[in-house]
Structure formats: C-alpha cells, structure tokens
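Peer 1: This is the structure I have questions about; it appears just below.
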Amino acid sequence: MLPLPSNHPVPWFSERPSFTVKVSRTELEQCLGAPHSLESEPGGAGRVERWGFRCDCGLELVVDYSRQSQAASVWLSSLEVEHALAHMHLRTTHVLWRRDAEEFLSLEGWAIVRQDERGNRFDICVLPVQEHALCLAEQLESRSHQQSYDVESRGTAAQRMRSRQRWAMPRQAEHGEQYSVAV
C-alpha cells in the first residue's frame, strides 16, 4: 500500500464512513505504520490521527483514529469492507458498524467463492471491480491452508466483461479438484 499524497483530492469522501472498527492505536500502527497527518476533531473534542492509502489493486482508503472513542472510521473509494479489512490485516470481529449493512448491494460483479477440503462452495462477497476481487481472493488464499478461493462473474454486467476475455472449460473431479479441460 502506498500513502496518498497529503494534497490528494478524495472525491468519494462522504459524511458517513464506510465502516468503523474497534481497534487500539497500537494495533493500527502495527498494520498501517505511523499516521500520515493529525487533524482536529470538529467542535474541539480532540485530535484525529489519519492514514490514507492507495493499494496495489487500486482501492483507496482513509482511516481516522480518535483516541477519545478508541475507534477508527474508514472511508473507501468503493464499498468493499472485507477487501479493506484484508489490506488492514483486521478481522470482521473488529467491525462495530458497516454502511453496507444498511444499503442494498449489487449482486452483479465478481464473486469470491470459497471451496473447502470437501468440495463445498459458497460465496464470500461480490465486488464491483474484478482487480479488487482477484486481490481479495489472493489475500484470503495466502492465509488459509485447506480452502481455495476463486473469482467468478455474477450478473449481466460481469458477463459482458467476461465475454471479451479468454474462457476456460472447467472440469471437477469426484473429490472436488477443479482443472481446465480447454482454453
């Protein structure tokens, strides 16, 4: 992750964060390094430490930590909470509130599908940007030992994008192993 320049415009910055997490300042600094700036809270309630990053996959995030509330608010360029948590090396158990729990999310895009050692498959989440989905699948795969994670298109928008790309004919063996028969 590369720090955002201090003069970087953030057009997606809204009144409400994408999610908030209960995490200590020490944990944040272990994951993100030293804060990039120090801001005053509105109303003079204290100071807010701020980090801003652009991940290799293109996801941009801004993290504000308030010592008074001992919580961090996270703003994202696209509403991808699991993806941001993976980049921040945090778990969903840290999440206090998430905006996507109040909003309807699109079921079209790129699904991250988990397959366990018995061949059972289920969707983790659906992200709108293919590069972000590939990034999250890769991060999840590197942390697990017996599960595999794949990215599959969902809905008509993803189908149109996929039609311009190469295709593969998948085959699944009786024990759940998958491989491509033809490309």
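The values are calculated or read from the model by the stated rules, or taken from the named source; none is laboratory data. Just so we're clear, the structure is a prediction, and the values are computed from it rather than from any experiment. With ideal geometry, Cβ positions are generated from the backbone for all residues, glycine too; neighbour counts draw on all protein chains shown. Side chains are part of the model used for accessible areas, which takes the heavy atoms of the whole protein and leaves out ligands, DNA and RNA. Shrake-Rupley method; radii C 1.70, N 1.55, O 1.52, S 1.80 Å.
Peer 1: Given H placed 1.01 Å from N in the peptide plane, which residues other than close sequence neighbours of Cys125 have an amide H under 5 Å from its amide H?
Peer 2: When sequence neighbours closer than 5 places are left aside, the close amide H contacts are Ile112.
Peer 1: Please calculate the 1.4 Å probe accessible area of Arg67, with all protein chains present, and give it to the nearest 10 Å².
Peer 2: 150
Peer 1: Follow-up question, since we're still on this one. Treat each spin label as a single point 7 Å out from the Cα along the C-beta direction, and report the Glu102 to Thr26 distance in nm.
Peer 2: 3.3
Peer 1: Please arrange Tyr149, Tyr65 by accessible surface area, largest first, computed with a 1.4 Å probe and ligands excluded. The partial results should precede the final answer.
Peer 2: Values: Tyr149 35, Tyr65 10 Å².
Ranked list, largest accessible area first: Tyr149, Tyr65.
Peer 1: Using a 1.4 Å probe on the protein chains only, how many percent of the accessible area of the range 18-109 belongs to carbon and sulfur? Don't skip to the answer; put the middle values down first.
Peer 2: Numbers: 2290 of 4700 Å².
Answer for the range 18-109: carbon and sulfur cover 49 percent of the accessible area.
Peer 1: Accessible area of Leu90, 1.4 Å probe, to the nearest 10 Å²?
Peer 2: Its accessible surface works out to 20 Å², give or take rounding.
Peer 1: Arrange the residues His145, His36, His89, His132 by how much accessible surface each exposes, largest first, with a 1.4 angstrom probe.
Peer 2: On the way: His145 160, His36 80, His89 115, His132 15 Å².
Ranked from most to least accessible, the order is His145, His89, His36, His132.
Peer 1: Still on this structure: Across every pair of different alpha-carbon atoms, what Kirkwood hydrodynamic radius in Å does the range 1-135 reach?
Peer 2: Numbers: mean 1/r = 0.0628 Å⁻¹.
Result for the range 1-135, one decimal place: 15.9 Å.
Peer 1: What would the Debye equation give as log₁₀ I(q)/I(0) for the range 86-127 at q = 0.16, 0.32 Å⁻¹, counting only Cα atoms as equal point scatterers?
Peer 2: -0.62, -1.05
Peer 1: In what sequence, largest accessible area first, do Val113, Val151 appear using a 1.4 Å probe? Please report the intermediate quantities before stating the final value.
Peer 2: Numbers: Val113 5, Val151 40 Å².
Per-residue accessible area, sorted high to low, gives Val151, Val113.
Peer 1: In Å, what is the Rg of the alpha-carbon atoms in the range 22-101, and how long is Dmax?
Peer 2: 12.3, 36
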